[in-house]
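K.L.:
Following this message is one structure expressed as structure tokens.
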Amino acid sequence: MKNKKIVLMRHGESQWNQLNQFTGWKDVELSEKGKKEALYAAKLLKKNNFFFDIAYTSVLRRAIHTLWILLDQLDQMWIPTHKSWKLNERNYGALEGLNKETTVKKYGSEKVLLWRRSFLISPPNMDNVSHLNLKNERKYKEIEKTKIPASENLEMTLKRVVSYWNSSIVPQIKQNKSVIIVAHGNSLRGLMKYLGNINNKDIMNLDIATGSPLIYEFSNEMKPLKYYYL
């Protein structure tokens, strides 16, 4: 019997990726390069005869628009699409909107690396006004206010992503549905840490390219077998 395959993909380059700014939950649009990355990814998927039954993405437009471009080019816009805040990028707290190079000069490369990459260390919280504004965004109105973070580390991000993975996505894969997930660098890093049982040190070195389809193969018992870029 064939292995079960799903596609994971980080959104195309965003406007803030282009400007080298921390983005997190800020709802930033794709750059022109990001749109081209999504188009190229669609060509790869089409060339390799990928057909999807169901799609998942975050509630942030850079991921949603990447998914739209993919499905449009594949002539699969009609498939069911589910959006969840649990697939959002990690919340970068007070760092959101700051230039990464400027932040390194201010705080030092070692501290910024830990904020960006470590499993357990969170960036400083966003200020109270910014946090209140985030809680009041309409896209989060169905979420309990206490669950909306002021900052997140990768562990916190992993917990919400894995919760959604196990409750919503795995049952579809078990029914032999062909699944695509378009999300973010850290939400996908969290999922890959969980699937591959990657330790807290090695996960710091895992980077996920923008706009590049990542194929995950599973056994029929949903044991991860291998992953590779298309």
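The values are calculated or read from the model by the stated rules, or taken from the named source; none is laboratory data. No experiment lies behind these values; they were computed from the predicted model shown. We place every Cβ from the backbone using ideal geometry, glycine too, and count neighbours over all the protein chains shown.
So that you can scan it fast, the table gives a plain yes or no per residue for (1) more than 24 Å from Leu71 (Cβ to Cβ); (2) among the hydroxyl-bearing types (Ser, Thr, Tyr); (3) not in a loop (DSSP other than H, G, I, E, B):
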| position | (1), (2), (3) |
| --- | --- |
| Val182 | no, no, yes |
| Lys193 | yes, no, yes |
| Asn199 | yes, no, no |
| Asp207 | yes, no, no |
| Glu217 | no, no, yes |
| Leu225 | yes, no, yes |
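K.L.:
Which condition number in (1) assigned to a loop (DSSP other than H, G, I, E, B); (2) under 20 Å from Thr23 (Cβ atoms); (3) within 19 Å of the chain's Cα centre (by Cα) is the one that Met126 fails?
P.N.:
If we test Met126 against (1) assigned to a loop (DSSP other than H, G, I, E, B); (2) under 20 Å from Thr23 (Cβ atoms); (3) within 19 Å of the chain's Cα centre (by Cα), just (3) comes out false.
K.L.:
Within the range 109-123, restricting attention to residues that are among the aliphatic types (A, V, I, L, M) and in a loop (DSSP other than H, G, I, E, B), which residue is farthest from Ala150 (Cα to Cα)?
P.N.:
Of the range 109-123, the ones among the aliphatic types (A, V, I, L, M) are 112-114, 120-121.
If we keep only those that are in a loop (DSSP other than H, G, I, E, B) too, we end up with 120-121.
Numbers: Leu120: 15, Ile121: 14 Å.
Taking the candidates together, the pick is Leu120.
K.L.:
Within the range 69-82, is even one residue under 19 Å from the mean Cα position of the chain (by Cα), among the charged types (D, E, K, R), modelled with pLDDT of 95 or more and within 26 Å of Tyr164 (Cβ to Cβ)?
P.N.:
No, the range 69-82 has no match at all.
K.L.:
Could you run through the range 180-220 and say how many residues are of a type in the set (A, V, I, L, M, F, W, C), under 22 Å from Asn48 (Cα atoms) and buried (at least 22 other Cβ atoms within 10 Å of the Cβ)?
P.N.:
Step one: filter the range 180-220 for residues of a type in the set (A, V, I, L, M, F, W, C), giving 180-183, 188, 191-192, 195, 198, 203-204, 206, 208-209, 214-215, 218.
Now restrict to residues that are under 22 Å from Asn48 (Cα atoms): 180-183, 208-209, 214-215, 218.
With buried (at least 22 other Cβ atoms within 10 Å of the Cβ) added as a condition, the list becomes 180-183.
So the answer is 4.
K.L.:
Kindly provide the set of residues from the range 46-60 that are in contact (Cβ under 8 Å) with a residue 24 or more places away in the chain and over 12 Å from the mean Cα position of the chain (by Cα), ordered by number. Even if it seems obvious, please write down each step before you answer.
P.N.:
Let us first name the residues in the range 46-60 that are in contact (Cβ under 8 Å) with a residue 24 or more places away in the chain, namely 46, 48, 50-60.
Within the range 46-60, Lys46, Asn48, Phe50, Phe51, Phe52, Asp53, Ile54, Ala55 qualify.
K.L.:
What are the residues in the range 140-168 that are assigned to a helix (DSSP H, G or I), exposed (fewer than 15 other Cβ atoms within 10 Å of the Cβ) and out of contact with any Gly (no Cβ under 9 Å at 6 or more places or on another chain), if any?
P.N.:
Residues of the range 140-168 that are assigned to a helix (DSSP H, G or I), as a first pass: 140, 145-147, 154-168.
Filter again for exposed (fewer than 15 other Cβ atoms within 10 Å of the Cβ), leaving 145-147, 159, 163, 166-167.
The answer is Lys145, Thr146, Lys147, Ser163, Asn166, Ser167.
K.L.:
So Leu70 fits all but one of (1) surrounded by fewer than 16 Cβ atoms within 10 Å (Cβ to Cβ); (2) in contact with a strand residue (DSSP E or B) (Cβ under 8 Å, 6 or more places away or on another chain); what number is the exception?
P.N.:
Here Leu70 clears every test but (1).
K.L.:
Oh, and also: Does the range 105-125 include one or more residues that are surrounded by 11 or more Cβ atoms within 10 Å (Cβ to Cβ), among the aliphatic types (A, V, I, L, M), touching a strand residue (DSSP E or B) at 6+ places or on another chain (Cβ under 7 Å) and at negative phi?
P.N.:
No: zero hits.
K.L.:
List the helices (runs of 4 or more DSSP H) inside the range 7-108, counting only whole elements, that have at least 2 residues being out of contact with any Gly (no Cβ under 9 Å at 6 or more places or on another chain) and more than 28 Å from Asn136 (Cβ to Cβ).
P.N.:
Per the criteria, 32-47, 61-73, 100-107.
K.L.:
Being at pLDDT 95 or above and closer than 18 Å to Arg116 by Cβ is true for just one of Ser167, Ser163, Ser178, Ser151. Which residue is that? Outline the logic, then answer.
P.N.:
On the way: Ser167 fails: closer than 18 Å to Arg116 by Cβ; Ser163 fails: closer than 18 Å to Arg116 by Cβ; Ser178 fails: closer than 18 Å to Arg116 by Cβ.
Matching residue, one of Ser167, Ser163, Ser178, Ser151: Ser151.
K.L.:
Continuing with this model, one more query. Test Lys201 against the criterion of being touching a strand residue (DSSP E or B) at 6+ places or on another chain (Cβ under 9 Å) and modelled with pLDDT under 95, and give yes or no. Write out each step before concluding.
P.N.:
Values: touching a strand residue (DSSP E or B) at 6+ places or on another chain (Cβ under 9 Å): no; modelled with pLDDT under 95: yes.
No.
K.L.:
Would you mind stating whether Asn91 is in contact with a Pro (Cβ under 7 Å, 6 or more places away or on another chain) and either farther than 19 Å from Asn125 by Cβ or buried (at least 23 other Cβ atoms within 10 Å of the Cβ) (or both)?
P.N.:
Values: in contact with a Pro (Cβ under 7 Å, 6 or more places away or on another chain): yes; either farther than 19 Å from Asn125 by Cβ or buried (at least 23 other Cβ atoms within 10 Å of the Cβ) (or both): yes.
It is true that Asn91 is in contact with a Pro (Cβ under 7 Å, 6 or more places away or on another chain) and either farther than 19 Å from Asn125 by Cβ or buried (at least 23 other Cβ atoms within 10 Å of the Cβ) (or both).
K.L.:
Scan the range 155-173 and report the pairs whose first residue is within 26 Å of Met204 (Cα to Cα) and among the aromatic types (Phe, Trp, Tyr) and whose second residue is at pLDDT 95 or above and not in a helix (DSSP H, G or I), with Cβ atoms within less than 9 Å and a gap of 6+ or a chain change.
P.N.:
Tyr164/Tyr56; Tyr164/Ser84; Trp165/Ile181
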